[in-house]
Each structure stands twice: as structure tokens, then as C-alpha cells.
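Okay, so here's the structure we're looking at.
The values are calculated or read from the model by the stated rules, or taken from the named source; none is laboratory data. Remember, it's a predicted structure, so these values are computed and weren't measured experimentally. Glycine also receives a Cβ, built like all others from the backbone with ideal geometry; neighbour counts cover every protein chain displayed.
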Amino acid sequence: MRDFTQNHEWLSINTATVRKQRGVEVPLDRIIDQCAERGIRAISPWRDQVAAVGLDKVAAQLRAHGMGLSGYCRGGFFPAPDAAGLKAALDDNRRAIDEAKTLNAPCLVLVVGALPGALDGKAAYTDIARARSEVRDGIAASLDYAREVGMPLAIEPLHPMQAADRACINTLEHALDVCDELDPGQSGLLGVALDIYHVWWDPKLQQQIARAGKERLLAYHVCDWLTPTRDLLSDRGMMGDGIVELKKIRGWVEAAGFDGFSEVEIFSMLDWWKRDGGDVLDICVERHKRAV
């Protein structure tokens, strides 16, 4: 297993971690500068943050800092109540793939979606099997375009608590089943984004990480699970503050062949988003060395 204690060259920051600082939304260009000031070599930005600054401007700023990406957030949300909605989702994913290509991202992360409308409390239907079928078809169609432009897609399984509204793929095993069906030759263009917050509990985790191997493990996200958790969406912990066996799991991931960035992704309405962004990044650097 790699030694992270001496430097933070394999640390990436998912920009959700510091998108709010002292409770105020901070633009992506400022976040990129803050990361560059600390020698952080990679980020994973969100599409809305990129759009607010401008795609070309962000690409130029990253080049100027010599900074790369560990992923691009996000594509997905494929299910829809009708044909027009399904087509709109595919069109949006094509745009996301193009944006990821412009930013030279190693992969586009897919949060696949679930029951359409459920996030607003108005699910258009309740047939989760239908949602999973639409997800499968949406990934297949998006993969066809991803192959044309050479942009890998990374399915992110989400915790079962979000099966109704954000993602109906909830285990690494399920995500890999989809990968094996749609990309049996393991082309390197379809894999998974492994987010500790969503999968740490899975009794099959070690087995499925080994199954994924280097070709399927496209991104690795870290944070911690707090007990008690005060908000299931926006109360992620800083690495080392919770109960996840982070070093053990990274050992499994690296034994399977992953040698990329550990991407810190923390949604924290109740804690870290209330703090100074520079302080949060400094703590990310320290915890990456000590806890990840």
C-alpha cells in the first residue's frame, strides 16, 4: 500500500467539500486557487460550479496551475416518466461527456437516478424495476457516445437510503453487474466510482473490490461516517472522525490495482461548510496523510 504520510501528492478535492465556506457559496475559480496554493494536484468539480465560471475559463485555469481532475461530477439521472424526459436525460449526459472531455477528466461520474420526481416528493411512478431498466438503457446509450470520444463512465453506487430519489444502484456488486453486461470486454470505458460514504457497510465490499480490479476502479472517494449521523445527506465526517476503516479499505482498493487519487468528498451543512475554506483544505491535507 502506498505511503501517504510524507506528502499529499495523491490527494484530490471534490469541490463540494469547500463549495460553501463560512456558510457562503464560493465560486469554483477561487476554490481552484485555494487548492493550488496548498500544492493540491487534482480536483473533481461539479457541473453547476463549472457552468457558473465558464467551461473554457476553468479549463484554462487548471492548465495554468498544472492541475488535473480525479473525476467530473456528474452525469446520470436517467429515469423519466415519458419518452421526452428520457431523451432529455441522454442529451444532458452527452453534454456532460463533452464537458468532461474539455476538462481532460479521467472519468465522468454517474449518479444514475431513481424514481423520477421523488427528490421533490412527487414520484412520477413507484416501479423501481422500471427505474433500473431505464438506468441500464441510459448507461448503454451514453456508453456508445463515450466510446466515440474516449471518455470513461464511472457508475457510483449510492447508499440504500437514497435508492428512491438519487440512485437505484446501491451496491458495488450491482454496479459491476451492469458493467459486465454492457462492457464485457472491460474496455476501460465503463467502471465504478467507489465512495466510502456509500459502501463502507457492505459485507461483500472486499470481494467486490477485488472483482472490480484495476480496469473497473475509476475513482475513489473518501470521507467518514459519523455516529450519530445528524443528516443522512449533509453530515459526512472528515476522515478520522468517524467509524470507517479507511486504511483497511484503501488496502483492498490498491491490492485490486487502483493507483489514483483519494478524492475527499464531504457534504457538511452542519459543520465543515460553516468553516473557513482554507482551514478545511489544510485539515484535508493533514488527514489524508494520517487517516486515509
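Tell me which residues, restricted to the range 104-127, are touching a Leu at 6+ places or on another chain (Cβ under 6 Å) and in a loop (DSSP other than H, G, I, E, B).
Passing the criteria: A105, C107, A123.
Does V26 qualify as being closer than 24 Å to P160 by Cα and surrounded by 15 or more Cβ atoms within 10 Å (Cβ to Cβ)?
Against the criterion (closer than 24 Å to P160 by Cα and surrounded by 15 or more Cβ atoms within 10 Å (Cβ to Cβ)), V26 does not qualify.
So which residues in the range 27-54 are more than 19 Å from the chain's Cα centre (by Cα) and part of a helix (DSSP H, G or I), if there are any at all?
D29, R30, D33, Q34, A36, E37, A52, V53
Please go through the range 58-114 and give me each residue that is over 20 Å from the mean Cα position of the chain (by Cα), touching a residue at least 24 places away in the same chain (Cβ under 8 Å) and over 25 Å from H221 (Cα atoms), ordered by number.
The answer is A80, P81, G85, L86.
Starting from the range 197-223, take each residue that is modelled with pLDDT under 95 and list its partners that are of a type in the set (S, T, Y), counting only C-beta distances under 7 angstrom and pairs at least six apart or across chains.
Once the first residue is modelled with pLDDT under 95 and sits in the range 197-223, no partner that is of a type in the set (S, T, Y) comes close enough.
Please go through (1) over 26 Å from L153 (Cα atoms); (2) out of contact with any strand residue (DSSP E or B) (no Cβ under 8 Å at 6 or more places or on another chain); (3) polar (S, T, N, Q) for Q206 and return the number of the only condition it doesn't satisfy.
(1)
Restricting the search to the range 1-26, which residues are touching a residue at least 60 places away in the same chain (Cβ under 8 Å), in a strand (DSSP E or B) and closer than 15 Å to P45 by Cβ?
S12, I13, N14, K20
Checking the conditions here, which among L190, L176, L182, L143 is under 25 Å from A129 (Cα atoms) and within 15 Å of the chain's Cα centre (by Cα)?
Going through L190, L176, L182, L143 in turn, the sole match is L190.
Taking the options E181, E173, name whichever one is touching a Lys or Arg at 6+ places or on another chain (Cβ under 9 Å), surrounded by fewer than 14 Cβ atoms within 10 Å (Cβ to Cβ), outside any loop (DSSP other than H, G, I, E, B) and not hydroxyl-bearing (S, T, Y).
Within the list E181, E173, the selection yields E181.
Being modelled with pLDDT of 95 or more, within 23 Å of K20 (Cβ to Cβ) and acidic (D, E) narrows it down to one of E181, E286, E254, E245, so name that one.
Just one listed residue meets the conditions, E286.
Go through the residues of the range 254-263 one by one and say whether even a single one is crowded, with 22+ Cβ neighbours inside 10 Å and polar (S, T, N, Q).
Yes, the conditions are met somewhere in the range 254-263.
Considering the range 128-170 alone, what residues qualify as being farther than 17 Å from A89 by Cα, among the polar types (S, T, N, Q) and either in contact with a Cys (Cβ under 9 Å, 6 or more places away or on another chain) or outside any loop (DSSP other than H, G, I, E, B) (or both)?
Q162
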